[in-house]
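See below for the structure under consideration.
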Amino acid sequence: MLSNSIMSLIDNCSIFNQSCLLCKTQNSAFGLCEDCKAMLPRLPDAHCLLCADPVATGHCCGSCQRSPPHFDALHAPYLFGYPLNAIIYAMKYGKRLELTGVLHHLMSEFAAKTSLYSDMVLPVPLSKERLAQRGFNQSDSLAQAIAVTMHSRFSPTLCWRKRNTVPQASLGRAERHRNLRNAFGVKQRIDGLSVAIVDDVATSGTTLSALAEILKKQGAKRVDAWVLCRASFPKT
Ligand SMILES: [Zn+2]
Ligand SMILES: [Zn+2]
């Protein structure tokens with residue numbers, strides 16, 4: 001039983017006393033009530049063990065068999081569908097920073113359900129220009145959620161993005177790969193370490209794969225990619 005003093009502290013703590021972002025129910029812990037949380041678009045249990053493709057029926061999807069990504073596995077609790085896509089857009093482009101708390105909580109819950117551990121956890125870095133434009137890296141808070149849950153090291157400055165690459169969404173698969181080649185830098189050797197790289201959404205998987213590739217060149221023994229939502233990758 002929680003003591004009365006702890007309960008009154010919780011009642012007065014804004015994080016436990018918000019209205020639900022979606023249905024406005026009062027006293028929704030972390031900004032989403034349980035009913036609305038249950039309606040978020042979950043990644044189906046049947047998915048590719050490498051890239052989390054939800055249409056895969058076997059162990060590993062055809063695309064990963066033909067050309068495996070450089071990360072060892074992609075972990076995602078949700079699909080990039082309504083209303084999560086709307087929440088992420090509002091957070092990133094509408095600068096609704098209060099929404100990062102909701103997404104942070106969803107990522108913590110997911111990480112807590114796994115028994116995965118990495119020695120270092122870092123957000124996919126933004127270029128200096130993009131960071132200046134947006135004012136924050138939307139993946140920082142998600143990476144922190146995973147680092148805290150795993151009792152691991154949050155290492156946001158291990159990697160940087162060298163230049164502002166053309167938006168990946170406008171390119172085909174081969175062009176994406178070219179666009180990202182050499183886009184990332186790593187500050188130091190990380191021989192024998194396992195690394196978790198974190199982003200909000202995986203739209204093609206190529207950004208995560210390119211970052212995993214350079215981390216492995218710097219000695220990482222394993223790279224796990226984590227995203228809150230996995231979009232359907234275009235099949236090309
Ligand atoms: Zn609700
Ligand atoms: Zn796959």
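The values are calculated or read from the model by the stated rules, or taken from the named source; none is laboratory data. Remember, predicted model here, so these are calculated numbers, not experimental data. Counting neighbours? That spans all protein chains shown, and the Cβs are built from the backbone with ideal geometry, glycine included. Protein only, heavy atoms only, side chains kept; ligands, DNA and RNA dropped before computing areas. Shrake-Rupley method; radii C 1.70, N 1.55, O 1.52, S 1.80 Å.
For the set 57, 206, 25, the ranking by accessible area, highest first and with no ligand, DNA or RNA atoms included, is 57, 25, 206 under a 1.4 Å probe.
Mind giving me the FRET efficiency for residue 178 and residue 133? R0 is 35 Å, r the Cβ-Cβ distance, nearest 0.05 is fine.
Values: r = 23 Å, r/R0 = 0.67.
Approximately 0.90, to the nearest 0.05.
Order 53, 191 by their accessible area, 1.4 angstrom probe, all chains in place, largest first.
Numbers: 53 10, 191 95 Å².
The ordering from most to least exposed comes out as 191, 53.
Among the protein heavy atoms, those of residue 217 account for about 140 Å² of accessible surface (1.4 Å probe, every chain in place). To the nearest 10, the accessible area of residue 160 is 110 Å² with a 1.4 Å probe.
The GNM of the chain, with springs linking C-alpha atoms under 10 angstrom apart, assigns the highest mean-square fluctuation among 35, 224, 199 to 35. Seen against the Cα atoms of the chain and their longest principal axis, helix 99-113 is set at about 80 degrees. Toward the positive end of the charge dipole of the range 145-235, with +1 on the Cβ of Lys and Arg and -1 on the Cβ of Asp and Glu, the farthest Cα among 231, 209, 145 is that of 209. DSSP beta bridges fully contained in the chain are about 20 percent antiparallel.
Among the protein heavy atoms of the range 101-196, carbon and sulfur supply 53% of the accessible surface, probe 1.4 Å, non-protein parts ignored. Scanning residues 5 or more positions from residue 32 or on other chains, those with amide H under 5 Å from its amide H are 21, with H placed 1.01 Å from N in the peptide plane. When only Cα pairs under 8 Å and 6 or more residues apart are kept, what is the percent relative contact order across the chain? So the answer I get is 20 percent. For the range 207-214, 3J(HN,Hα) computed residue by residue from phi via the Karplus equation (6.51, -1.76, 1.60; θ = phi - 60°) reads 5, 5, 5, 5, 5, 4, 4, 6 Hz, glycine and proline entered as x. If R0 equals 22 Å, the separation of the Cβ atoms of residue 42 and residue 86 corresponds to a calculated FRET efficiency of about 0.85. Accessible surface of residue 214, taken over heavy atoms with a 1.4 Å probe and every protein chain present, rounds to 40 Å². Once both labels are positioned 7 Å from their Cα atoms along Cα-to-Cβ, the gap between residue 187 and residue 27 label points is 4.5 nm.
The helix-only estimate of mean residue ellipticity at 222 nm for the chain, built from DSSP H runs of length n ≥ 4 each weighted as -39500 (n - 2.57), is -9500 deg cm²/dmol after division by the residue total.
With a 1.4 Å probe rolled over the protein heavy atoms of all chains, the accessible area of 43, 21 falls in the order 21, 43, largest first.
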